[in-house]
Amino acid sequence: MGATPARSRCRGIAQWRVEYLRAYLHQPGFVPSIALVVIFYALLRGSRHTMWRIALLSFPGTIAHELMHLVVGFLFNAKPHGFSIWPRPGSSSWTLGSVSFRNIGLLNGAFVALAPLLLLPIAWLCLVHVLVPLWVDGRWGWWLLGGYLAATALFAALPSFQDIRIGGPSLLLYGALGGLAWWAYSYM
């Protein structure tokens, strides 16, 4: 039996991704830059037990995280009306920042909740187009700073539990619609 067109297409995409990454692996400075970002990310993860330390170290990422919510909220008519990047205690943990909205609903909640995921391509672009050239040019101070900023963007890219809770009904709606579309595409 031959491969279905969908499987062939998936195999082609996977092969393209491998070739894409292979091209970067051979660039000078790529592997050390990945190592730098991983080290900074591990330091950020390790500093979570002290709230003021993580608030200070992850501050650039907190700003980026909340700005992603703000921008996507404007774009999807969630009507943002409050923005804070000052850490404050909550009922069981600390809140590093927040954005308040007046119009979160079924249609826009998922997009606003998952907005920080947009930091993942930004971290990748920072790695490829900032860190690698800084390594090649031998600009070590800027390379370290860029690695730290890329790691904070990566650290801040995951939506918080509060984000998921607020966007939950919308996420369920889009998940159900996506599952239904997948089923219809696969079996019809």
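Assorted remarks:
- Some residue of the range 117-127 being among the aromatic types (Phe, Trp, Tyr) and part of a strand (DSSP E or B): no
- Looking only at the range 83-97, and only at residues there that are under 20 Å from the mean Cα position of the chain (by Cα) and in contact (Cβ under 8 Å) with a residue 40 or more places away in the chain, the one that is surrounded by the most Cβ atoms within 10 Å (Cβ to Cβ): Leu96
- From Leu125, Leu158, Leu144, residue being surrounded by fewer than 21 Cβ atoms within 10 Å (Cβ to Cβ), at pLDDT 95 or above and closer than 22 Å to Ala64 by Cα: Leu144
- The number of residues in the range 42-82 that are touching a strand residue (DSSP E or B) at 6+ places or on another chain (Cβ under 8 Å), under 22 Å from Leu106 (Cα atoms) and surrounded by 14 or more Cβ atoms within 10 Å (Cβ to Cβ) comes to 6.
- Taken together, the criteria place Leu144 among residues that are hydrophobic (A, V, I, L, M, F, W, C) and in contact (Cβ under 8 Å) with a residue 60 or more places away in the chain.
- Selection status of Leu43, modelled with pLDDT under 90 and closer than 17 Å to Gly146 by Cβ: no
- Only one entry of Pro159, Pro87 meets the criterion of being in contact with a Phe, Trp or Tyr (Cβ under 6 Å, 6 or more places away or on another chain) and farther than 30 Å from Ala23 by Cβ, and that entry is Pro87.
The values are calculated or read from the model by the stated rules, or taken from the named source; none is laboratory data. Every value quoted in this text rests on a predicted model; they were computed, and no experiment measured them. Cβ atoms come from the backbone with ideal geometry, glycine included; neighbour counts cover every protein chain shown.
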